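J.: If you scroll down you'll find the structure; I have some questions about it.
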Amino acid sequence: MVRTRRVRPARPVASRALRLGLACAIALGALSALACRPVAAPEQTATRFTPLPRVTVGEPREFLLGFSAMPAVQSVEGYTAAMDLAANYGEVLLIQRQPEWESFLSARVSTELERTTLAERQAISERKLTLAYAIDVFDPASRGRLGGLPPRLEGKTLADPELRRAFVQQVRFVALNYRPAFLIIGVEVNAAFESNPEGYAAFREAYDEAYDEVKAAVPGTLVFPSFQYEQLLGAIPWEPPHAPRWRLLEDYGERIDLFGITTYPSFVYQAAKKIPAEYYTEARTRTKLPIAFVSVGFASEQTREGLNSSTAAEQRRFLQRAIVDAETLESPLFVWFVGRDPVYADSSPLDLIASVGLRTRDDQPKDAWQSWEQAVNRPYAGALRAAQRP
């Protein structure tokens, strides 16, 4: 059994260095998804974070805002810039990552994983970010199979005792060492159900065990899977239509703290005004769980095959509407997945998310950026309440 004790605090040099190279393999099955796996990099000194001043104006908001750690440029500097963007224009950072199977299959956490954990934890702490950590167990290119498996285990599911044990131990490691406020165990799990019901059923059993491990180790962490919302509704244009799969929520019984969704409606609707009025608020009639927007995106340009036939103005309209819906639903979390358009998103499949960022490749604000800033500048009610405690 792999030991999942806490990684020891970083030495002073680790607080000055961010040893993070970023190897991001992005694939789009039904929708865009990201599985970022940091790798060891030559030691580099990261610029110490200096927060930008933030003007506080407007009515308090109940939901946290933020971005994912997806970089615009694949480098240490690019990854650092993504974290800085999340800290300067929000409160939350989403890290989405496939399991480190080898470390937990061998019952020995690698030096690389320890170094990455220490460096990321230090960087998150310096920026005073709230962490949402997503363990993306399924392959983003094909949600019916586990992602990142060693070649000798290709094709296996979490019904395999060795894999299940490694999976649960990794979840416990993340909970103990990162202490995320939000821990997403399984990304877009309904997509796995659609393509491999048996593999999904094996995940469900492993999820229950992992959930219990987290709650025993770090009771305050909110634990849940995420669902791909357009696919849940049966609205994906290139898939056979089906009735909404709301019943999948019942699979998790009492072991689900939030209803987490990923949503990219520009793949379905060319204009924000064409999105049904109750597109998100309908979920309130289907579950009593708080609804968390784990990953949100809407393109600002057209891409191939008529997908994302959108404009910067439509992206702004969608963001404004989505923020209102998050407020109406009393959501605790709203993460815009791509902060800045990735410079490497020129060919398939990355081109489908090439314009989802709120800032351009050369870091200029798009039309929607002003709406984001207006939302961010509203004081976060949770922080106000914490400050008022005696």
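J.: What does the C-alpha gyration tensor say about the overall shape of region 164-286? Classify as rounded when a/c is under 1.5, otherwise prolate if a/b is larger than b/c, or oblate.
T.: Verdict is prolate for region 164-286.
J.: Same structure again: I want to verify the translational diffusion coefficient of region 48-95 in µm²/s; compute it with Stokes-Einstein, Rh as the Kirkwood radius over Cα pairs, at 25 °C and 0.890 mPa s.
T.: 209
J.: At 20 °C and a viscosity of 1.002 mPa s, what translational diffusion coefficient does Stokes-Einstein give for region 125-171, taking Rh as the Kirkwood radius over Cα pairs? Give it in µm²/s as a whole number.
T.: 173
J.: Let me ask something else. Once the principal axes of the Cα atoms of region 220-330 are found, what is the range along each, listed largest first in whole angstroms?
T.: The Cα atoms of region 220-330 stretch 42, 31, 23 Å along their principal axes.
J.: Considering amide H positions built from the backbone, and no H for Pro or chain starts, which residues 5 or more places from Asp139, or on another chain, come under 5 Å of its amide H?
T.: Arg145, Leu146, Gly147
J.: Got a sec? How would Arg115, Arg179 order by Cβ neighbour count within 10 Å, fewest to most?
T.: By the 10 Å Cβ count, ascending, the order reads Arg179, Arg115.
J.: Here's something else I'd like to know. Taking a point 7 angstrom from the Cα of Glu102 along the C-beta vector, which residues in region 152-194 have backbone N less than 14 Å away?
T.: 152-153
J.: In which sequence would Lys215, Lys274, Lys288 go, from the one with the fewest C-beta neighbours within 10 Å to the one with the most?
T.: Lys288, Lys274, Lys215
A short reminder: the numbers here are calculations on the coordinates, not readings from a lab. Treat the numbers as computed from the prediction; the structure is a model and nothing was measured. With ideal geometry, Cβ positions are generated from the backbone for all residues, glycine too; neighbour counts draw on all protein chains shown.
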